[in-house]
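Okay, so here's the structure we're looking at.
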Amino acid sequence: MESRSETPAPAVTTAVAPPARPSPARPSPVRPVWRGAWRGVRPTERLCHVTGAVLVLSGLAHLVVFAVDGGPWDGPVSWRKPVTFGLSFGLTLIAITWVTSYLRVGTRLRSALLVVFAAGCVVEVGGITLQAWRRVPSHLNMETGFDTAVSMTLAVGGGVLVMLLTVFAVASFRSRPTGPLGMPLALRSGFAILLVALASGAAMIARGVVLTRTGHQEAAYHSTAPLKPLHGVSLHAVLVLPALAWLLSHTPWSDRTRQRVIHAAVGCYAAAVLGAGVWAALTW
């Protein structure tokens, strides 16, 4: 028999493709923190913040007008009033919109109150600015029918703002506000001091109206001077103290240290208000 030698079949090799390199992931676009925070703001709050910013810009614009046009800074007819009222009402509107988010107030009720408050701020700054451009006093001016209408509108608008701020102040004491450590004390102290500002503002208007009705128009314009420092200092406590509490919440300090700082700040602010009140009493 013939013997066959069987030769092994050549091994078949299959080429294995090297693993594909993973394509580098595209970095996601970095979104500013403020943009995300702004998207979380309710439409009513956006409206109030934008309105407040417009009022602040109006005050700054009239500061430029004063630098160009000149004139007295003090007195019933000056560019000081649209500057200070624009800045003050704008900052107050922004502050109230922010701090009331820590109050235990219904969402719909808070939104309605804020809209009315924003409208009142616009009316106040608008009337004062209008009279400044007309070169006539804005408050306590009963010289013409139009001036009387503007003056009464400002008085009524101021009364509405006082009522709204009083509602928020009462809400801060009825239920403990939310927020970081120290915020409840800051809010309650700020609103309590704000009530002093409202009382001093009402006193200025009342005394001026009495002097105007009794024929002492010029004296009425100057009768508000003693109470202006008290009114101005106490008006912005509701912004300064809560802002300090918020800033402290972003520090590595201990709870005890932050509490001490808040208590010291409230005490210092109260001392400043007391000093302005004593000065007003002595010069009234």
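The values are calculated or read from the model by the stated rules, or taken from the named source; none is laboratory data. Quantities reported herein were computed from a predicted structural model and do not represent experimental measurements. Quick reminder, even Gly has a Cβ in these numbers, built from the backbone with ideal geometry, and neighbours come from all protein chains shown. Calculation scope for accessible area: heavy atoms of the full protein, side chains included, ligands and nucleic acids excluded. Shrake-Rupley method; radii C 1.70, N 1.55, O 1.52, S 1.80 Å.
Annotations for the structure displayed:
- Of all residues in the range 125-154, those satisfying the criterion of being in contact with a helix residue (DSSP H, G or I) (Cβ under 7 Å, 6 or more places away or on another chain), surrounded by 19 or more Cβ atoms within 10 Å (Cβ to Cβ) and closer than 20 Å to R207 by Cα are I128, P137, S138, H139, L140, N141, V150, L154.
- A search for C-beta distances below 7 Å between a residue of the range 72-83 that is without any contact (Cβ under 8 Å) to a residue 12 or more places away in the chain and any residue that is in a helix (DSSP H, G or I), counting only pairs 6+ apart in sequence or on different chains, returns W73/R80; D74/R80.
- Matching residues, the range 40-65, being open to solvent by 40 Å² or more (accessible area, probe 1.4 Å) and farther than 29 Å from T100 by Cα: L63, V64
- Looking across the range 135-155, the residues that are of a type in the set (V, I, T) and either over 26 Å from the mean Cα position of the chain (by Cα) or modelled with pLDDT under 90 (or both) come down to V136, T144, T148.
A quick yes/no check of all residues on (1) in contact with a Gly (Cβ under 9 Å, 6 or more places away or on another chain); (2) among the β-branched types (V, I, T); (3) over 15 Å from S200 (Cα atoms):
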| site | (1), (2), (3) |
| --- | --- |
| T224 | yes, yes, no |
| G232 | no, no, no |
| L235 | yes, no, no |
| A264 | no, no, yes |
| W284 | no, no, no |
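- Members of the range 66-103 found to be open to solvent by less than 20 Å² (accessible area, probe 1.4 Å), of a type in the set (S, T, Y) and assigned to a helix (DSSP H, G or I), listed by number: T92, T97, T100
- The residues on offer are G190, G158, and the sole one that is assigned to a helix (DSSP H, G or I) and open to solvent by less than 10 Å² (accessible area, probe 1.4 Å) is G190.
- Failed condition for C121, given (1) modelled with pLDDT of 95 or more; (2) within 20 Å of K81 (Cβ to Cβ); (3) open to solvent by 50 Å² or more (accessible area, probe 1.4 Å): (3)
- Taking the criterion of being part of a helix (DSSP H, G or I), small (G, A, S) and either open to solvent by 50 Å² or more (accessible area, probe 1.4 Å) or out of contact with any helix residue (DSSP H, G or I) (no Cβ under 6 Å at 6 or more places or on another chain) (or both), the only residue of the range 104-113 that qualifies is A112.
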